[in-house]
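Colleague: Before we start, here is the structure in question, set down as structure tokens.
The values are calculated or read from the model by the stated rules, or taken from the named source; none is laboratory data. As the structure is a prediction and not an experimental result, all values here were calculated from the model. For accessibility, only protein heavy atoms count, side chains too; no ligands or nucleic acids. Shrake-Rupley method; radii C 1.70, N 1.55, O 1.52, S 1.80 Å.
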Amino acid sequence: QVQLVESGGGLVQPGGSLRLSCAASGFTFSSYSMRWYRQAPGKQREFVATISRGGSTNYADSVKGRFTISRDNTKNTVYLQMNSLKAEDTAVYYCNTLLYDSDYWGQGTQVTVSS
């Protein structure tokens, strides 16, 4: 059974940093791309970052230069390091992967950027 479990969210001041983690199980983690999405109140879920099985990365323009996605295949975990956080980064952050033409999502972790 595929499971994605996010952690690491919280309340942080503008300009601060957080690192999110997503622990994966139930599939061969190293063989699949992983993604982070986010959903702010009243808005649609949006793409944040992706990392391929080979380690290639891509980012939304809104987070480029501030966020870094990485993976540790020995721990079946994908990370999102978020620096220089802004109020507009406030959202629920979700981990995602596509397996056998089906999307799998974690339960999400709340990130709130506020002074």
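Colleague: Per residue, how much accessible surface does segment 63-115 expose to a 1.4 Å probe? Answer in Å², no decimals.
Modeller: The answer is 49 Å² per residue.
Colleague: Kirkwood Rh over Cα pairs of segment 1-63 into Stokes-Einstein at 4 °C, 1.567 mPa s: D in µm²/s?
Modeller: On the way: Rh = 13.6 Å.
Estimated via Stokes-Einstein, D reaches 95 µm²/s.
Colleague: Would you mind telling me the share, in percent, of accessible area of the chain contributed by carbon and sulfur at probe 1.4 angstrom?
Modeller: Using a 1.4 Å probe with all protein chains present, the chain comes out at 43 percent carbon and sulfur.
Colleague: Might you work out the accessible area of Lys86 for me, using a 1.4 Å probe with all protein chains in place, and round it to the nearest 10 Å²?
Modeller: 90 Å²
Colleague: Working from the alpha-carbon coordinates of the chain, get Rg over Rh, Rh being the Kirkwood radius.
Modeller: The Rg/Rh ratio comes out at 0.95.
Colleague: Ignoring ligands, DNA and RNA, how do Glu88, Glu46, Glu6 rank by accessible area with a 1.4 Å probe, largest first? Don't skip to the answer; put the middle values down first.
Modeller: On the way: Glu88 125, Glu46 80, Glu6 10 Å².
Sorted descending by solvent-accessible area, the residues read Glu88, Glu46, Glu6.
Colleague: Using θ = phi - 60° and the Karplus curve 6.51 cos²θ - 1.76 cosθ + 1.60, what whole-Hz ³J(HN,Hα) does each residue of segment 48-61 get, with Gly and Pro shown as x?
Modeller: Listing the rounded values in order: 10, 7, 9, 9, 7, 5, x, x, 6, 10, 8, 9, 5, 4 Hz.
Colleague: Can you give the percent of C-alpha pairs in segment 56-115 whose distance is more than 16 Å? Could you put the intermediate results ahead of the total?
Modeller: On the way: 990 of 1770 pairs.
The share of Cα pairs beyond 16 Å in segment 56-115 comes to 56 percent.
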